[in-house]
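First the structure, in the form of structure tokens, and then the observations on it.
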Amino acid sequence: MTTKLIAGLVADAAPPVVATIGLLPEEGPAAERLARAGTVIDLDEIDPADPLEDQESGTFVLVARTSTDLRRAASLAGLLPRAAHIVVGVIRSVRHHPLSLPAVGTEWHTARRFQALRGDKGDWAVEAQFSRPVRAGEFVASLVRGLDGHRPQVWQGPRVALAGAGSALWRPGDPAATLVPVEGPLAEPDQVPPAEVVLRSTAPGAPSWPDDGVPVADRLSTRHSRWAELGAPGAVDARTIVEAYAHRDLVPPVDERSVNPMGFTSAPDLGWAPLRQDGDRWAVEAAPGDVVRFHPAGTVTDADVGRLRRLRGIEIGWGRHTGPVPAVRVVAALAMAGVPVVTDRVPSWARALGPELVDLITGVAPADLADDVRREEHSIRLRRAAFRAHSTRARWEALAGPAAPGTGTSPTASVILCTRRVDYLGFALRQIERQRDVDFEVILTLHGIPADAPEVKAAVMACTRPITLVEVPDEAPLGEALNRGAARASGDHLVKWDDDDWYGPDFLADMLLASAYSGAELVGCFAQLIYLEEIDLTIYRAAGGSERFADVVAGATMTVERSFFESLGGFPPVPRSVDAALLTATRAAGGRTYRTHGLGFIVNRRKQGHTWGVPVTYFLRSATRQWRGFEPTALLEYDAGSMTPDPSHDAAPASAPSNHRVGKT
């Protein structure tokens, strides 16, 4: 651990109050030296209901091991003191979170000095001095907003109160969390409760919760759910342990805004490594001489994952390790990050992983993932399953339940299909219709095509999804046609869909998932797979990479937040290059574009009538792999009967069904 940056910023200050979060046991002494006889406090171990003493004329220092830990500190904003001199340092970072600059708060007009420093070992620190004390919790929350592109930290779901040491593990990145004592109450009888749910992280035998008006979820703290505690004299027997920890809602969630597929490497240069026991922790040798040791509580961080990206995968060697909860947390986090994980068995005490994850990690062997594409497919399946079972959103849907209506409300999508070609309409609608695990509508924009054309009526009649029909004159520019369709949309996200490309059944779900964990205003994928009809060849392009912020994504995959899209004024009303224009406008407005994986999408480069005006040799030069004929990935779940662009599938019905709306604009 290096604290050189921080030490330089507090060298002339009186002995500071130093708070730490996420430090490994061997890193504690460095923080103690930093305090120079001042106070050192571990935020993961103290009761969050006991606020720290204000440092009116002194210095407050927060040392977070990683950005993941810094997000957890934001949930404890209410206990951090006021101080006129604040220093926050992160000792390990990753490429996509190299340094956070704060979003300026309302109290900051009293700022006298601010500086940000970045070291050469993945560490960074920021310092601010004010003419009068400000809330250190707000300063930390502003840094977390900086990590997320200065977007507001808004939690969907219930208002939550946290009680007990380690409770922030359950609600990372929520500076609005209310901090209360373990023994309660949440509020006085005549006050409006500040939360709808209370999460208590406790020791065995905790006092009963006194407030019957607000539901409470009691969970053993990670310290008390380790084998050393569970196996102590007088503890419960092994069978009881297995039964007690078979349920995933007993396991603190993985912070998907921090631990996610960002930075995934599709062509790793190192082989397989074991997840093995290292004292009371799990560890992986990420590279020769570089051993990643996970926190005893099972917390995996963005910096840990970044060090594992060069590996082809990880084989789990089950042992007692730290305990059932930390073990499940480590494996679930690796899966959520898309790190390929395999094992030949899963012990009964780790059933909280969930049946889907268990089947995935036991269903393949390292030899099955020697091919890079197959490996990435396994990674994608893992991350989907982990998000469904172990993300903070999934956990709070289970914990809150009926106590907080709307908690389980998922983002909705409006698929904008704008077409001039009736012969591809049935093909496109069939692909849209098979999308799963997403609440969506279809906005069919007929660009110069009458709604009463027999081919339109046939395709619309065959589709069971709600469809809004929008007729646009043939002479309208493409950008204007798209905007007229978007004006009829009601979804949280707008998805631009091409009529002749292939989409897997999880395409929409993957786009919304990438939007959730990246926080980007616009997401899409790279055109990794292209079918060249002219020479009957499928090519794979690795150029450009995936799972990272980028300037360009395929236009046929653009998924943009509707509110942001409307703030831009929509697509420029131009006849061509509308995709590039929207990407440029997004960047100019300060929005971010994120590129997720492209294995569930194939561009159809037809013999004629295509709009990508480059010769076939352009694609061949950029291809790293190629297959004769049409070669879809497994994620496409290709069905030749329903995914062939063949107009003969459709026959005109007598009339359109009543669930479709027609609007001429």
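The values are calculated or read from the model by the stated rules, or taken from the named source; none is laboratory data. Here the structure is a predicted model, which is why all the values come from computation and not from measurement. Ideal geometry is used to build each Cβ from the backbone, glycine not excepted, and the neighbour counts take in all protein chains shown. Each accessible area value is taken on the protein alone, full model and side chains, heavy atoms only, with ligands, DNA and RNA left out. Shrake-Rupley method; radii C 1.70, N 1.55, O 1.52, S 1.80 Å.
Report yes if residue 87 is in contact with an Asp or Glu (Cβ under 7 Å, 6 or more places away or on another chain), surrounded by 22 or more Cβ atoms within 10 Å (Cβ to Cβ) and not small (Gly, Ala, Ser), otherwise no. The answer is yes for residue 87. Checking each residue in the stretch 1-28 for being more than 12 Å from residue 60 (Cβ to Cβ) and among the small types (Gly, Ala, Ser) picks out 7, 8, 11, 22, 28. In the stretch 38-57 there is no residue that is open to solvent by less than 10 Å² (accessible area, probe 1.4 Å) and outside any loop (DSSP other than H, G, I, E, B).
Could you run through the stretch 317-342 and say how many residues are open to solvent by less than 10 Å² (accessible area, probe 1.4 Å) and in a loop (DSSP other than H, G, I, E, B)? So that I can check it myself, show each step before the final result.
At the first step, the residues of the stretch 317-342 found to be open to solvent by less than 10 Å² (accessible area, probe 1.4 Å) are 323-328, 330-342.
Retained after the next criterion (residues that are in a loop (DSSP other than H, G, I, E, B)): 323, 337-340.
Result for the stretch 317-342: 5.
Looking only at residues that are small (Gly, Ala, Ser) and assigned to a helix (DSSP H, G or I) in the stretch 371-402, which one is farthest from residue 171 (Cα to Cα)? That would be 379. Residue-level check: of (1) in contact with an Asp or Glu (Cβ under 7 Å, 6 or more places away or on another chain); (2) open to solvent by less than 40 Å² (accessible area, probe 1.4 Å); (3) not charged (D, E, K, R), residue 518 misses just (1). What number of residues in the stretch 59-83 are in a strand (DSSP E or B) and open to solvent by 20 Å² or more (accessible area, probe 1.4 Å)? Qualifying residue count for the region: 1. Taking the listed residues 363, 408, the one that is modelled with pLDDT of 95 or more and either open to solvent by less than 40 Å² (accessible area, probe 1.4 Å) or out of contact with any Phe, Trp or Tyr (no Cβ under 8 Å at 6 or more places or on another chain) (or both) is 363, with no other qualifying. Within the stretch 442-466, can you find the residues that are closer than 19 Å to residue 490 by Cβ, touching a strand residue (DSSP E or B) at 6+ places or on another chain (Cβ under 6 Å) and surrounded by fewer than 18 Cβ atoms within 10 Å (Cβ to Cβ)? Within the stretch 442-466, 465, 466 meet the criteria. Report yes if some residue within the stretch 141-159 is buried (at least 20 other Cβ atoms within 10 Å of the Cβ) and more than 26 Å from the chain's Cα centre (by Cα); otherwise report no. Checked the stretch 141-159: no residue is buried (at least 20 other Cβ atoms within 10 Å of the Cβ) and more than 26 Å from the chain's Cα centre (by Cα). The residue that is nearest to residue 170 (Cα to Cα), counting only those in the stretch 287-305 that are open to solvent by less than 10 Å² (accessible area, probe 1.4 Å) and not in a loop (DSSP other than H, G, I, E, B), is 302. Return yes or no: is residue 644 under 29 Å from the mean Cα position of the chain (by Cα) and surrounded by 13 or more Cβ atoms within 10 Å (Cβ to Cβ)? No, not satisfied.
Examine the stretch 571-584 for a residue that is touching a Lys or Arg at 6+ places or on another chain (Cβ under 7 Å) and under 30 Å from residue 376 (Cα atoms), and state whether such a residue exists. Give the derivation first.
Pass one, the stretch 571-584, residues touching a Lys or Arg at 6+ places or on another chain (Cβ under 7 Å): none.
Taking every residue of the stretch 571-584 in turn, none turns out to be touching a Lys or Arg at 6+ places or on another chain (Cβ under 7 Å) and under 30 Å from residue 376 (Cα atoms).
Checking each residue in the stretch 287-305 for being touching a helix residue (DSSP H, G or I) at 6+ places or on another chain (Cβ under 6 Å) and among the β-branched types (Val, Ile, Thr) picks out 292, 300, 301.
For the stretch 357-403, the tally of residues that are within 23 Å of residue 634 (Cα to Cα) and of a type in the set (Phe, Trp, Tyr) stands at 1.
The condition (being open to solvent by less than 20 Å² (accessible area, probe 1.4 Å), more than 20 Å from residue 74 (Cβ to Cβ) and hydrophobic (A, V, I, L, M, F, W, C)) is satisfied by just one residue among 217, 203, 163, 168: 217. In this structure, is residue 125 part of a strand (DSSP E or B) and crowded, with 18+ Cβ neighbours inside 10 Å? Answer is yes for this residue.
Restricting the stretch 96-117 to residues that are part of a loop (DSSP other than H, G, I, E, B) and modelled with pLDDT of 80 or more leaves a set whose member that is most open to solvent (accessible area, probe 1.4 Å) is 101. Of all the numbered requirements in (1) buried (at least 20 other Cβ atoms within 10 Å of the Cβ); (2) out of contact with any Lys or Arg (no Cβ under 9 Å at 6 or more places or on another chain); (3) among the charged types (D, E, K, R), residue 547 misses one, and that requirement is (2).
Being more than 19 Å from residue 81 (Cα to Cα), among the aromatic types (Phe, Trp, Tyr) and in contact (Cβ under 8 Å) with a residue 60 or more places away in the chain is a property that holds for residue 170.
Could you grab me the full set of residues in the stretch 160-203 that are at negative phi and either part of a helix (DSSP H, G or I) or under 18 Å from the mean Cα position of the chain (by Cα) (or both)?
The initial filter retains those residues of the stretch 160-203 that are at negative phi, namely 160-163, 165, 167-172, 174-183, 185-203.
Once the filter is applied, which keeps residues that are at negative phi and either part of a helix (DSSP H, G or I) or under 18 Å from the mean Cα position of the chain (by Cα) (or both), the stretch 160-203 yields 167, 168, 169, 170, 171, 172, 174.
Considering only residues in the stretch 472-483 that are buried (at least 17 other Cβ atoms within 10 Å of the Cβ) and of a type outside the set (Gly, Ala, Ser), the one that is farthest from residue 433 (Cα to Cα) turns out to be 477. Consider the stretch 269-286 and keep the residues that are open to solvent by 20 Å² or more (accessible area, probe 1.4 Å) and not charged (D, E, K, R). The one that is farthest from residue 378 (Cα to Cα) is 279. For the stretch 420-441, the criterion of being open to solvent by less than 10 Å² (accessible area, probe 1.4 Å), touching a Lys or Arg at 6+ places or on another chain (Cβ under 6 Å) and not in a helix (DSSP H, G or I) is satisfied by no residue at all.
One line per residue, one yes/no per condition, for (1) in contact (Cβ under 8 Å) with a residue 40 or more places away in the chain; (2) in a loop (DSSP other than H, G, I, E, B):
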residue: 260; (1), (2): yes, yes
residue: 282; (1), (2): yes, no
residue: 315; (1), (2): yes, no
residue: 344; (1), (2): no, yes
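Here 72, 92, 82 are screened, and the one residue that is of a type in the set (Lys, Arg) and without any contact (Cβ under 8 Å) to a residue 60 or more places away in the chain is 82.
In the stretch 173-195, is there at least one residue being under 22 Å from residue 94 (Cα atoms) and either open to solvent by less than 30 Å² (accessible area, probe 1.4 Å) or at pLDDT 95 or above (or both)? Show your work before the answer.
Here is the first cut: in the stretch 173-195, the ones under 22 Å from residue 94 (Cα atoms) are 173-174.
Filter once more, so that each one left must be either open to solvent by less than 30 Å² (accessible area, probe 1.4 Å) or at pLDDT 95 or above (or both): 173-174.
Yes, the stretch 173-195 contains a residue that is under 22 Å from residue 94 (Cα atoms) and either open to solvent by less than 30 Å² (accessible area, probe 1.4 Å) or at pLDDT 95 or above (or both).
Return yes or no: is residue 584 of a type in the set (Val, Ile, Thr), under 31 Å from the mean Cα position of the chain (by Cα), open to solvent by 30 Å² or more (accessible area, probe 1.4 Å) and over 30 Å from residue 374 (Cβ atoms)? Steps first, please.
Values: of a type in the set (Val, Ile, Thr): yes; under 31 Å from the mean Cα position of the chain (by Cα): yes; open to solvent by 30 Å² or more (accessible area, probe 1.4 Å): yes; over 30 Å from residue 374 (Cβ atoms): yes.
It is true that residue 584 is of a type in the set (Val, Ile, Thr), under 31 Å from the mean Cα position of the chain (by Cα), open to solvent by 30 Å² or more (accessible area, probe 1.4 Å) and over 30 Å from residue 374 (Cβ atoms).
Kindly indicate whether residue 469 is in a strand (DSSP E or B), buried (at least 24 other Cβ atoms within 10 Å of the Cβ), on the phi < 0 side of the Ramachandran plot and touching a residue at least 24 places away in the same chain (Cβ under 8 Å). For residue 469, the condition - in a strand (DSSP E or B), buried (at least 24 other Cβ atoms within 10 Å of the Cβ), on the phi < 0 side of the Ramachandran plot and touching a residue at least 24 places away in the same chain (Cβ under 8 Å) - is not met.
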